[in-house]
Every structure is written in C-alpha cells, then in structure tokens.
Amino acid sequence: MTTASVCTIGDEILIGQIIDTNSAFIARELEATGIQVTRMLSIGDEHDAILRNLEGELRQNDIVICTGGLGPTKDDITKAALAELLGSGEYVCNEEQLDIIHRILHARGLEALESNKAQALVPKGCEVIPNRKGTAPVMVFRFPAERFGHPATLYALPGVPFEALGALPDILSDIRAHASLSDIFHKCLMVYGLAESALAERIAPWEDALPAKMHLAYLPNPLTGVRLRLSIYGGNREEEEKQIDAAFAQLMPLLGDLVYAQGDDTLENTVGRLLRGTGKTVSAAESCTGGMISSLLTSVPGASEYYLGSVTSYAVAVKEQVLGVPAETIEKHGVVSGEVAEAMAAGVRRLTGSTYAVATTGLAGPQGDGTWPVGTVWIGVAGPAGTHSERHTFSNDRKRNIERFSASALDALRKWIEKDLTKIK
C-alpha cells in the first residue's frame with residue numbers, strides 16, 4: 001500500500017501561534033484517494049532540521065507532502081533546504097508562476113517586488129504545479145529508488161490554507177498518475193452515554209473476534225461521544241463495506257440505544273434527522289449550559305423547520321417569572337434538581353408551543369452548592385407523553401463540563417423523541 005507523511009514547516013505552529021488545519025484536511029483527502037497516512041510531523045524554521053526530518057520521512061514513506069516556509073520573506077527557508085535535498089545548486093524561473101504573480105499583484109493594485117518575483121524561482125530539476133491562488137508554486141521532487149530504498153515523491157506546498165488546499169486537487173491528480181493506489185474503507189458508529197474505557201470493556205469479545213485486517217479505533221469527543229471507526233486497508237471497496245457492515249450488525253445488539261448514528265455524525269444532526277419532515281418541533285430552556293444546546297441545534301442547516309427558540313434562564317427569577325417554575329418547587333428541591341429541570345422543560349414547551357423541549361440546570365464549576373458536587377447536571381425533557389429527568393455527573397473543568405452537559409441533554413432529547421416516534425409508528 002502506498003504510504004504518505006504530512007509535514008508542516010514553521011515556528012508559528014510549534015509555538016502555538018497558529019493552529020495547523022492543513023494536515024488534517026490533506027490527510028483526509030489522501031486516505032480517500034487510497035493512500036495510508038502513517039505520520040504527521042511539524043518542523044521548525046531551521047535549515048538542518050528541515051533537511052534531516054524530510055529525509056527521514058522520505059525513507060519511510062512513498063509520498064511526503066509538506067506545507068509552509070515558501071513565502072517571500074527571509075524567514076521562509078524551506079526552498080533552500082529542498083534544493084539541497086535534491087542536490088541542486090541552481091534555480092530557474094517558472095514563467096507560468098511568474099505570470100500568475102504579476103496578475104495577482106496587479107489585481108490588488110500592487111507592483112511585483114523582487115521578493116515576489118523570486119517566488120517563481122525553483123530548484124533546477126524539480127517539477128512545478130502552478131499555484132493559481134497565490135504566489136508560491138507547488139514544487140514536486142521525485143527521487144529514484146536508490147536514494148531512499150524505494151521511489152519517493154515530495155510535494156512542497158505554501159502554508160496558507162487557502163492556497164495549500166486549493167492546490168490539492170492538482171496534487172492528487174499527479175499522485176493518481178504516478179502511484180499505485182489501494183482501496184481504503186472506513187465506517188463509523190456513533191455512541192453516546194458510555195465512557196471510552198467502559199465501552200471498550202463491554203465490546204471486548206466482539207473486538208477480539210474481528211478479522212486481523214480490520215482495525216478498530218476509539219475516537220472520543222465531549223460533544224459527540226465515542227466514534228467507533230472500523231477500517232480495512234488494501235482490499236476491494238465493495239467487499240470491505242460488506243464486511244464492516246456485517247461486523248457492526250453484530251455489535252449493535254451489545255450497545256442498544258447507546259448508538260445514535262451509523263456513519264460520522266453528531267447528536268444535533270441526529271435530532272434534526274428525527275424531526276425533519278414530521279411537523280414536530282423542539283425548544284430549549286438552559287441554565288448551566290448558557291445557550292450551547294441552542295447553538296448546537298441551530299448549527300444544523302434547515303433547523304428552522306423544527307427549532308422554535310429557547311430561554312437562557314440563568315437567574316432564579318427568570319426560571320420563575322418567564323418559565324413558570326413554581327417558587328415552592330425551587331424552595332423544596334433546590335435549583336439543581338430533577339423537579340426544576342422538568343418544570344423548566346415543561347415551561348419552555350408551553351411558552352413556545354413546541355412538541356418537545358429539553359432543559360438543563362446544574363453546576364459547571366468551579367463552585368458547588370453544598371448539595372451536589374461540581375459537574376452535576378439535571379436534564380429535563382418534555383413532550384406529549386409527559387416529562388422526564390435524569391442526572392449526570394462529570395469531573396472536568398467548567399468549559400468541558402458545559403460541553404458534556406449540552407451533549408448529554410441532546411442525547412436525552414434524542415432518546416425521548418425516538419421513544420415517542422416509535423410509539424406513534
């Protein structure tokens with residue numbers, strides 16, 4: 001199977017000044033093309049480090065894609081390191097890229113400086129894929145088998161995401177023309193409500209029985225739960241899909257309603273999928289989640305079909321005066337309680353006229369209330385069948401607790417809607 005490494009070059013990534021989004025996108029596209037990404041690496045702006053690390057990656061992989069360090073300023077030193085890697089001491093001007101440079105700068109009302117024109121200079125012996133969105137060309141370095149023990153190709157892209165990702169289709173076309181590609185198939189099962197360790201323990205017999213060529217990955221996320229991803233490399237895509245579907249079919253009974261989607265998905269998308277086209281609607285009343293549930297629900301395109309609105313009832317007075325939570329309920333059970341969560345859900349449902357409603361009240365931290373520990377949330381859901389509440393406790397920082405509270409609320413809402421729709425059918 002053809003393998004690849006994705007490298008970023010630049011101190012700004014190593015010191016955390018910018019977030020590397022290029023590598024993730026490039027890796028996804030390579031995998032979809034049939035290339036196994038074995039490694040991602042970030043390298044600082046130091047000539048010897050660039051040279052040494054790229055040589056190492058080329059020895060271990062058929063393809064290396066690097067981004068960054070190709071700008072017009074003096075701190076952009078990647079090109080010189082690449083020239084040394086190629087063994088070229090001479091630069092030539094790529095006229096097509098030079099024309100692009102002039103067009104881009106003239107369109108901005110600027111004259112091309114010598115530093116701009118120098119970006120069209122490339123090491124003699126490399127190939128060029130013109131960068132039509134920027135000034136630095138994509139350089140392609142092909143190495144014979146005797147250099148690294150196997151034929152290897154290095155693609156050097158600019159670091160600006162708009163330019164790097166814009167050039168990727170041309171790079172993938174070049175890879176398809178020169179590399180031997182295999183099918184890679186991935187499929188996910190989305191699970192919520194069980195910690196990664198507990199999930200692994202529950203499905204251990206199933207996992208142990210998987211064929212050797214089938215690889216399982218646990219990918220946890222506070223907003224989506226655990227993504228179980230099965231992968232097969234190097235087979236027939238149609239056959240791979242059948243085998244993974246059969247494996248997941250055996251797993252489903254072990255997980256029951258913990259599974260909320262087959263395929264890469266989110267809880268908010270799942271809620272939308274359940275409601276879309278039914279004429280049924282949803283609203284939210286949020287205290288400790290501060291609007292995050294509503295933000296997640298409305299992030300789904302077309303949410304206006306089923307989402308009516310929300311009340312962020314942070315203060316007790318808003319819970320009582322807007323949502324109609326009885327003062328005696330709060331006095332008797334406390335603000336953080338199942339009774340208050342249910343009353344909030346019923347109140348916002350009544351206020352908006354929605355079919356379903358979800359509510360949260362809890363302690364995100366860092367202070368507790370003397371009754372419940374920090375990380376406690378009560379979730380209330382309401383619908384035609386009545387109201388229901390459930391308690392969850394997490395032990396994270398405030399930001400992560402709010403994320404987990406919101407995801408747990410969406411999951412409770414999802415199960416409530418599924419149960420109701422099943423009754424209707």
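The values are calculated or read from the model by the stated rules, or taken from the named source; none is laboratory data. Computed from a predicted structure; not experimentally measured. All Cβ positions, even for glycine, are placed from backbone atoms using ideal geometry, and neighbour counts span all protein chains on display.
Hey, does segment 178-187 have a residue that's at pLDDT 95 or above and out of contact with any Asp or Glu (no Cβ under 7 Å at 6 or more places or on another chain)? So far as segment 178-187 goes, no, none of its residues is at pLDDT 95 or above and out of contact with any Asp or Glu (no Cβ under 7 Å at 6 or more places or on another chain). The residues listed here are Ala152, Ala120, Ala136, Ala112; of these, the one that is closer than 22 Å to Arg28 by Cα, surrounded by 16 or more Cβ atoms within 10 Å (Cβ to Cβ), of a type in the set (A, V, I, L, M) and in the same structural domain as Gln60 (by TED's automatic domain parsing) is Ala152. Could you check segment 13-26 and list, in sequence order, the residues that are crowded, with 18+ Cβ neighbours inside 10 Å and assigned to a helix (DSSP H, G or I)? Passing the criteria: Ile13, Asn22, Ser23, Ile26. Which residues, counting only those in segment 123-154, are part of a strand (DSSP E or B) and within 35 Å of the chain's Cα centre (by Cα)? Glu127, Val128, Ile129, Val138, Met139, Val140, Phe141, Arg142, Phe143, Ala152, Thr153, Leu154 - these are the residues of segment 123-154 that are part of a strand (DSSP E or B) and within 35 Å of the chain's Cα centre (by Cα). Check segment 72-82 and report whether any residue there is more than 32 Å from the chain's Cα centre (by Cα) and of a type in the set (Ser, Thr, Tyr). So far as segment 72-82 goes, yes, one or more of its residues are more than 32 Å from the chain's Cα centre (by Cα) and of a type in the set (Ser, Thr, Tyr). For segment 57-80, the set of residues classified as under 13 Å from Gly149 (Cα atoms) and charged (D, E, K, R) consists of Glu57, Arg59, Asp62, listed by residue number.
Per-residue answers, yes or no, for (1) within 29 Å of Leu194 (Cα to Cα); (2) modelled with pLDDT of 95 or more:
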{"site": "Ser295", "(1), (2)": "yes, yes"}
{"site": "Tyr314", "(1), (2)": "yes, yes"}
{"site": "Val322", "(1), (2)": "no, yes"}
{"site": "Ser337", "(1), (2)": "yes, yes"}
{"site": "Arg350", "(1), (2)": "no, yes"}
{"site": "Gln367", "(1), (2)": "yes, no"}
{"site": "Gly383", "(1), (2)": "yes, yes"}
{"site": "Asp397", "(1), (2)": "yes, no"}
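Based on what the data block shows, is Arg103 surrounded by fewer than 18 Cβ atoms within 10 Å (Cβ to Cβ), within 22 Å of Pro144 (Cβ to Cβ) and of a type in the set (D, E, K, R)? No; evaluated as a whole, the condition is false for this residue. Checked against the criterion of being in a helix (DSSP H, G or I), over 21 Å from Ser310 (Cβ atoms), of a type outside the set (S, T, N, Q) and touching a residue at least 12 places away in the same chain (Cβ under 8 Å), segment 206-219 contains one or more residues that satisfy it.
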